[in-house]
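Please treat every number below as a calculation from the coordinates, not as lab data. Nothing here was measured: the structure is a model prediction, and the numbers come from that model. Note that we place each Cβ from the backbone using ideal geometry, even for glycine, and neighbour counts take in every protein chain shown.
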There are 2 protein chains.
Amino acid sequence: MGKHNLQIGSSSIAQKIATYTFDEYLELVRSFHGYASPGVLIGGFMVDLALRNLPRGILFDAICETVQCLPDAVQILTPCTIGNGWLKIMSFGRFALSFYEKYKGTGVRVYLDTAKLNHWDEIQTWFFKLKLKKEQDSELLQEQIRTAGADICSLHKIQVLPQHLKKASLGERTICPICQEVYPASHGPICRSCQGDTPYRKFDKE
Amino acid sequence: MGKHNLQIGSSSIAQKIATYTFDEYLELVRSFHGYASPGVLIGGFMVDLALRNLPRGILFDAICETVQCLPDAVQILTPCTIGNGWLKIMSFGRFALSFYEKYKGTGVRVYLDTAKLNHWDEIQTWFFKLKLKKEQDSELLQEQIRTAGADICSLHKIQVLPQHLKKASLGERTICPICQEVYPASHGPICRSCQGDTPYRKFDKE
């Protein structure tokens, strides 16, 4: 991943994404995300812009306001992952991310600014889904993303609310009398899966 | 990431995790997750066990039944990430994961089986939080995890319900009259953040 090489606040060089060239980042995206999706590519520039506007050397957490693409840019370029809890996803469906000092909640938010898309017709077409995917010009789209860089994004300061700064603890663990598996006691007398949220057809464990 | 080197269904060699040795996996975990958390280490053996029990060459999706640690094992070892949508997280707080053929939903589920923890006191202490973290013996815990491998897990077949096989589309996009940002029209006349779910104190974009 090369995450250890990340220098937060490194000087801004045209079209660098954190410490990577665009082509290096493209390779990381293909390896982690599976393919060079426009969302993760734009996300790289968004992460870079946010990092350059954070004070150096702070411990920061991240919020992604959509589950689509953007979380992978954060996971590739920063220490924040969904599994270590430093990245949270809120399902607003907005193409935006925030980084903030993990205890005080002060930080920055970056979003794809549609007011800045006028000169980038193929990005506009992709973002507003103006054409079917197979009718979009994916080569032109990638070229426009590479050239536009962070010029299609805006940034503003944020203050995260105190209740979102605490790490949600699952608390005491207990065994579900139905599935016999361990779950957080706070979920009720049986686990959420057995309460009916299961994604599986009834199964026998044999 | 080395994800390209993953050979699904490779022959089972003692304490190998996919194509990695335990020490190689440890290094990947430290790089991606930030530290060698017990959950991601056990998760590696769980992913490996599940992969060895999937038919070769199928396209599979993944479900993690907890947001803690386990999703990172899946993201390190498989093509499934939270941002590409091939990994879904369900907040059951159960230490379990499933891989399944993405169209038919047939697959396997692996869970940490507490009935198999008798000989692994430090894993038991960690899993049931029987001691404060600072009182746990993290070296012994890692040694027990390495030695136990997938012996503390159980596996069974699953059939994912049809409604969970479809990829949720966000549908048509529109501009929120309050924040002026693009969001899924299906969320209502204003975006979810402006509906009151925002994690931020009221901010000016200047």
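Per the Debye calculation on segment A:1-155 with a single equal scatterer at every Cα and no solvent contribution, log₁₀ I(q)/I(0) for q = 0.08, 0.10 Å⁻¹ amounts to -0.20, -0.32. Just the number, please: Stokes-Einstein D of segment A:65-198 in µm²/s, Kirkwood Rh from C-alpha pairs, 20 °C, 1.002 mPa s. Value of D from the Cα-based Kirkwood radius: 118 µm²/s. In the structure shown, the pairs B:K16/B:K157; A:K116/A:K166; A:K133/B:K166; A:K134/B:K166 are assessed against 25 Å; a Cα-Cα span above that value is assigned to A:K116/A:K166. Once you reduce segment B:122-197 and segment A:88-127 to the center of their Cα atoms, the two points are 22 Å from each other. Between the exposed loop cleavage positions of chain A, defined as trypsin sites (Lys or Arg not before Pro) in a non-H, G, I, E, B DSSP state with at most 10 neighbouring beta-carbon atoms within 10 angstrom, the longest gap is A:57-165.
Ellipticity at 222 nm from helices only: DSSP H runs of n ≥ 4 in the protein assembly as shown, each -39500 (n - 2.57), divided by the residue count, give -7500 deg cm²/dmol.
Counted over chain A, the DSSP beta bridges are approximately 90% antiparallel.
Taking GluC sites (Glu not before Pro) across segment B:76-175, the ones in a DSSP loop with at most 13 further Cβ atoms lying within 10 angstrom of their Cβ are B:E172.
Name the residues of segment A:102-116 whose amide N is less than 19 Å from a point 7 angstrom out from the Cα of A:L165 along the C-beta direction? Within reach of a label on A:L165: A:102-109. Its relative contact order, with pairs defined as Cα atoms under 8 Å and 6+ residues apart, puts segment A:47-91 at 42 percent. Working note: Karplus 6.51/-1.76/1.60 with θ = phi - 60° gives segment B:31-46 the couplings 5, 7, 8, x, 7, 7, 6, x, x, 6, 5, 4, x, x, 5, 5 Hz, where Gly and Pro are set to x.
Using only the C-alpha atoms, the convex hull of segment B:38-103 corresponds to 77 Å³ per residue. Put a plus charge on the Cβ of each Lys and Arg, a minus charge on the Cβ of each Asp and Glu, and nothing anywhere else: the dipole of the protein assembly as shown about its Cα centre is then about 820 debye. The value for the protein assembly as shown of Rg(Cα) / (2.2 N^0.38 Å) is 0.99. Across segment B:78-206, C-alpha contacts under 8 Å between residues 6 or more apart give a mean separation that, scaled by the residue count, equals a relative contact order of 20 percent.
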